[in-house]
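Engineer: Provided herewith is a single structure, encoded as structure tokens, for subsequent inquiry.
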Amino acid sequence: MKITIIGGGPAGMYFAILMKKANAAHDITIYERNGPHDTFGWGVVFSGRTLANLREGDEVSHAAITRDFQAWDNVDVVHRDEKITIHGNSFSGIARLRLLNILQARCEQLGIAIKFHQEISEITQLRHECDLLVGADGVNSFLRQAFAANFKPDLSVRPNKYIWYGTHQLFHGLTLTFRETPAGVFAAHSYKFDKQTSTFIIECDSQTWANAGFQTMRDDEARAYLENVFARDLNGHSLLSNNSKWINFVLVKNANWTFENVVLLGDALHTAHFSIGSGTKLAMEDASALAESFKTTRTVPQALQEFETKRKPVIEDYQAAAGESMLWFENAKDFMHLSPIELAYALMTRSGRVDHETLRRRDPAFIEAYESAGGAV
Ligand SMILES: Cc1cc2nc3c(=O)[nH]c(=O)nc-3n(C[C@H](O)[C@H](O)[C@H](O)COP(=O)(O)OP(=O)(O)OC[C@H]3O[C@@H](n4cnc5c(N)ncnc54)[C@H](O)[C@@H]3O)c2cc1C
């Protein structure tokens, strides 16, 4: 089969790897507009269960990924200068660039051609020259726009602003920090992803953003402002920019996931708010699900249909949980009256997927402290 993939992110490369492993005769080409060492952002997180799926899919890349992992089991919530720790949550972090380099090396080893520095802007010919065309070209997918009449995308630009920095202050655990300022509330999502660096994503509502005056601030001024807001958390370390810009999260859904020989994967197909840290996991699991459907069906349209039928309910469930989490952060100021332990409890239960008894199983001491403080169930 001749397979053309637009986008050399986690979704596109992982799908290529799994298909090539299933049948070495597949002729697979990935077009990637960036070079192999360019990327946005800092680190990504995976849950324990994701890792088991990755091991099943490809032991070689799984071994390389886990060798570089920073693992933790705690979520830390910082509010009014007090840190509440909740154990029993298994997560790991890795630099996004490291993950991409591991997948690139694996593609090369398997004989998959990655054409770097090639931005696709014309699709008709490519589509007719291959048996399967995969749009793994991220949240602003060109392929999705080119075939909008078929996919019927639904894009919702969310009101909060966020900016993705790094820092050399190490956060040993998924740390959610809240700082109340005269301009409004800022929340930081941070975690260590290698021995020297943490991701530090800062989020605020549009009113806080306007009150702080970010609209007219230069990038270095905005960074200095935020270093001051989070001075006690950064412990003297600066925020590191990777061309970091304020953006609004875009919630992506598509009524149709496939048509004829074309399919979308990963962020091009769906997004889940970064507060549940599952964008990369979902992208790679999409790749596994699509590759799996080619094992059991004979024609491309049948395989694509099977992928959509089986995978859509899983994604809808994730998007529902991520949606609750996103709304919580969009309304974070309404929770600031809570005590630190009440806030930690509200955060842990925000998606509706983790209840009181689950939390008790994960961390009995946390629930005991919450109940002794008179927290409501
Ligand atoms: C602030 C923030 C924090 C996040 N934190 C996490 C986290 O902690 N954990 C997590 O798992 N996920 C996280 N994510 C999400 C994660 O980054 C994405 O969900 C994931 O990268 C999706 O993978 P993908 O392969 O679908 O798309 P991408 O990684 O976006 O890859 C798409 C690729 O396509 C290329 N491309 C685009 N258009 C073209 C074109 N026309 N021609 C050729 N190439 C093209 C791009 O250069 C890119 O390399 C976060 C996202 C954001 C914004």
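Engineer: Output the residues belonging to region 147-199 that are in a strand (DSSP E or B), among the aromatic types (Phe, Trp, Tyr) and away from the ligand (no atom under 14 Å from the Cβ).
Structural biologist: Phe178, Phe186, listed by residue number.
Engineer: Restricting to region 237-275, name every residue that is open to solvent by 30 Å² or more (accessible area, probe 1.4 Å) and among the hydroxyl-bearing types (Ser, Thr, Tyr).
Structural biologist: Within region 237-275, Ser238, Ser241 qualify.
Engineer: May I ask you to verify whether Asp267 is within 12 Å of the ligand (Cβ to nearest atom) and of a type in the set (Asp, Glu)?
Structural biologist: Yes, satisfied.
Engineer: While we're here: Using beta carbons and a limit of 6 Å, which pairs, at least six apart or on different chains, have the first residue in region 1-13 and more than 6 Å from the ligand (Cβ to nearest atom) and open to solvent by less than 10 Å² (accessible area, probe 1.4 Å) and the second one among the aliphatic types (A, V, I, L, M) and modelled with pLDDT under 95?
Structural biologist: Note: pairs meeting the criteria are Thr4/Leu126.
Engineer: Within the set of pairs 6+ apart or on separate chains, which have a first residue in region 102-131 that is open to solvent by less than 40 Å² (accessible area, probe 1.4 Å) and modelled with pLDDT under 95, a second that is within 14 Å of the ligand (Cβ to nearest atom) and part of a helix (DSSP H, G or I), and C-beta atoms under 8 Å apart?
Structural biologist: Ile123/Phe142; Ile123/Leu143; Ile123/Ala146
Engineer: Right, another one. Does region 46-53 contain any residue that is farther than 26 Å from His172 by Cβ, part of a strand (DSSP E or B) and open to solvent by 20 Å² or more (accessible area, probe 1.4 Å)?
Structural biologist: no
Engineer: Does region 40-53 contain any residue that is within 11 Å of the ligand (Cβ to nearest atom), farther than 30 Å from Leu359 by Cα and touching a residue at least 40 places away in the same chain (Cβ under 8 Å)?
Structural biologist: Yes, region 40-53 has at least one match.
Engineer: Quickly run through region 315-332 and pick out the residues that are part of a helix (DSSP H, G or I) and out of contact with any helix residue (DSSP H, G or I) (no Cβ under 8 Å at 6 or more places or on another chain).
Structural biologist: Once the filter is applied, which keeps residues that are part of a helix (DSSP H, G or I) and out of contact with any helix residue (DSSP H, G or I) (no Cβ under 8 Å at 6 or more places or on another chain), region 315-332 yields Glu316, Asp317, Gln319, Ala320, Gly323, Glu324, Leu327, Glu330, Ala332.
Conditions tested, residue by residue: (1) open to solvent by 50 Å² or more (accessible area, probe 1.4 Å); (2) within 21 Å of Pro10 (Cβ to Cβ).
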residue	(1), (2)
Ser288	no, yes
Pro301	yes, no
Val314	yes, yes
Ala322	no, yes
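Engineer: Select from region 54-91 the residues that are on the phi < 0 side of the Ramachandran plot, open to solvent by 10 Å² or more (accessible area, probe 1.4 Å) and among the small types (Gly, Ala, Ser) and write down the one among them that is farthest from the ligand (Cβ to nearest atom).
Structural biologist: Once the filter is applied, the top-ranked residue is Ala63.
The values are calculated or read from the model by the stated rules, or taken from the named source; none is laboratory data. Just so we're clear, the structure is a prediction, and the values are computed from it rather than from any experiment. Glycine also receives a Cβ, built like all others from the backbone with ideal geometry; neighbour counts cover every protein chain displayed. Keep in mind that these areas ignore ligands, DNA and RNA; they rest on the heavy atoms of the full protein, side chains included. Shrake-Rupley method; radii C 1.70, N 1.55, O 1.52, S 1.80 Å.
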